[in-house]
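Here it is, the structure in full.
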């Protein structure tokens with residue numbers, strides 16, 4: 001005989017939940033002992049309290065195994081027959097005899113009495129359709145017609161164009177749009193008619209192998225060798241990328257996709273990650289880390305160093321550039337007269353608007369900072385940032401003047417200030433004198449350029465330490481991208497003034513770091529939760545998941 005034992009428990013909101021057990025045997029024993037079919041944890045219940053036997057046709061015999069008897073429907077008896085629906089009271093429990101459901105010979109419900117008010121019976125959940133007022137046949141016909149209407153008509157419309165037009169003209173009837181999943185993302189339009197490229201098998205989820213046929217070189221988020229986390233190695237592509245969303249895009253923006261790993265990552269990775277916890281931008285995001293270039297004194301190479309943003313952080317750019325003087329409201333004296341500069345005169349966006357173009361001397365500076373070196377030839381300028389070429393050009397220029405006898409320097413020897421006829425030969429002594437003067441003149445003019453009126457105005461310059469050594473100009477160390485792990489698009493912030501984020505007009509030194517910290521961005525950007533007068537900004541607003549430099553998704 002097959003018994004169903006259903007144990008009920010009241011939830012906090014009043015709803016009931018239950019668990020089912022199965023017992024095989026002719027009788028069901030109830031008591032506190034561990035050998036009982038139904039064990040009740042109550043000291044008022046004897047170790048072997050009663051025995052229940054099924055008589056068939058939803059009738060039961062209940063026999064007390066103690067002298068105290070048993071209370072059935074309020075009456076105290078030692079043995080009695082009872083129908084389904086009878087209530088047996090045992091300590092703080094109530095046992096209800098149930099009608100035997102399908103596939104069972106008998107059934108009983110165990111209900112903790114403290115979960116009920118006095119006299120209340122817990123509402124049982126029907127075990128089958130027959131226990132409700134619904135007819136199996138009527139329900140079957142209803143579901144059949146619903147499937148025919150919702151599935152058959154749209155399917156037939158796929159093959160019969162007049163029916164398709166008929167259904168589309170009547171909004172109250174289901175048409176093919178009921179089964180259409182939605183428009184593809186723009187990058188997938190070129191194979192939009194070849195569904196089998198992604199959906200390899202009908203009614204099966206898209207496999208990662210289908211994605212990797214085109215995206216085999218897509219980098220990972222982290223090196224799976226260092227971070228063998230299931231969330232990185234076992235997650236499906238479709239967990240984050242859902243197609244058929246049309247203009248909403250294929251990348252999900254839920255913040256939990258990132259924060260589920262990046263909150264407590266150090267502990268989860270066994271100490272392999274030193275990253276701080278990253279969650280909601282407005283509530284759980286550490287201060288920005290800035291990429292500052294540093295010059296390696298040993299190798300002479302520029303190295304990137306990530307440091308946490310703080311007030312007064314110094315940028316060692318190798319430049320001398322006071323922003324406040326160049327942005328003076330009254331302007332600057334330029335070769336063509338007074339000139340008023342703005343940020344846009346030097347900082348121009350790249351195509352697309354994301355980043356700013358690199359500053360170039362010839363395009364941005366030379367209009368005011370000209371590199372002319374001799375009043376007799378004001379149109380000539382030395383090349384920028386090319387020390388050997390500058391020295392060669394100076395020597396060549398003054399050697400030509402000296403050999404031609406067209407020197408206008410009053411300190412030059414008299415023999416060099418006499419203009420010679422074209423083709424006129426000079427003596428060896430005169431040639432050596434001319435070249436000696438040209439070398440000395442080039443040296444003095446070069447020193448004036450490097451230390452006085454040209455290079456030293458903007459750069460740190462070092463004298464030659466020996467005859468074999470040359471002039472040294474400190475390299476410019478300016479970061480092309482300040483946030484190596486984040487993305488910032490100037491084009492999307494074009495409605496703001498530069499001064500809203502960069503305090504350039506009050507900066508008197510090139511060592512001032514004009515990159516703002518996190519609080520500046522939080523003034524406009526909230527986290528994932530919408531906020532008044534602030535932009536909703538989940539993690540993917542600024543961060544990429546697939547990071548260049550990491551191995552491909554599947555090795």
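The values are calculated or read from the model by the stated rules, or taken from the named source; none is laboratory data. What you see is a predicted model; the values in this text were computed from it and never measured. Methodologically, a virtual Cβ is constructed for each residue, glycine included, from the backbone with ideal geometry; neighbour enumeration extends over all protein chains shown.
What number of residues within the range 359-369 are surrounded by 14 or more Cβ atoms within 10 Å (Cβ to Cβ) and in contact with a strand residue (DSSP E or B) (Cβ under 9 Å, 6 or more places away or on another chain)?
Total meeting the criteria: 1.
How about the range 495-535: which of its residues are closer than 30 Å to residue 318 by Cβ, assigned to a loop (DSSP other than H, G, I, E, B) and touching a residue at least 12 places away in the same chain (Cβ under 8 Å)?
Within the range 495-535, 501, 502, 507, 508, 509, 510, 511, 513, 514, 515, 516, 517 qualify.
Name the strands (runs of 3 or more DSSP E) wholly within the range 279-358 that hold at least 1 residues that are at pLDDT below 90, within 24 Å of the chain's Cα centre (by Cα) and surrounded by 15 or more Cβ atoms within 10 Å (Cβ to Cβ)?
Passing ranges, in order: 289-295.
Still on this structure: Within the range 533-541, does at least one residue satisfy the condition of being modelled with pLDDT under 95 and farther than 30 Å from residue 232 by Cα?
yes
Working carefully through the options 520, 550, find the one that is surrounded by 14 or more Cβ atoms within 10 Å (Cβ to Cβ) and under 18 Å from the mean Cα position of the chain (by Cα).
Values: 520 fails: under 18 Å from the mean Cα position of the chain (by Cα).
So the residue among 520, 550 that is surrounded by 14 or more Cβ atoms within 10 Å (Cβ to Cβ) and under 18 Å from the mean Cα position of the chain (by Cα) is 550.
Residues checked against (1) in contact with a strand residue (DSSP E or B) (Cβ under 7 Å, 6 or more places away or on another chain); (2) surrounded by fewer than 16 Cβ atoms within 10 Å (Cβ to Cβ):
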position: 372; (1), (2): yes, yes
position: 377; (1), (2): no, yes
position: 382; (1), (2): no, no
position: 396; (1), (2): no, yes
position: 402; (1), (2): no, no
position: 415; (1), (2): no, no
position: 418; (1), (2): no, yes
position: 430; (1), (2): no, no
position: 433; (1), (2): no, no
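So, one more: How many residues does the range 384-394 contain that are surrounded by fewer than 16 Cβ atoms within 10 Å (Cβ to Cβ), out of contact with any strand residue (DSSP E or B) (no Cβ under 9 Å at 6 or more places or on another chain) and either more than 13 Å from residue 442 (Cα to Cα) or without any contact (Cβ under 8 Å) to a residue 24 or more places away in the chain (or both)?
Final tally of qualifying residues: 3.
Go through (1) within 60 Å of the chain's Cα centre (by Cα); (2) assigned to a loop (DSSP other than H, G, I, E, B) and name the single condition residue 89 misses.
Exception for residue 89: condition (2).
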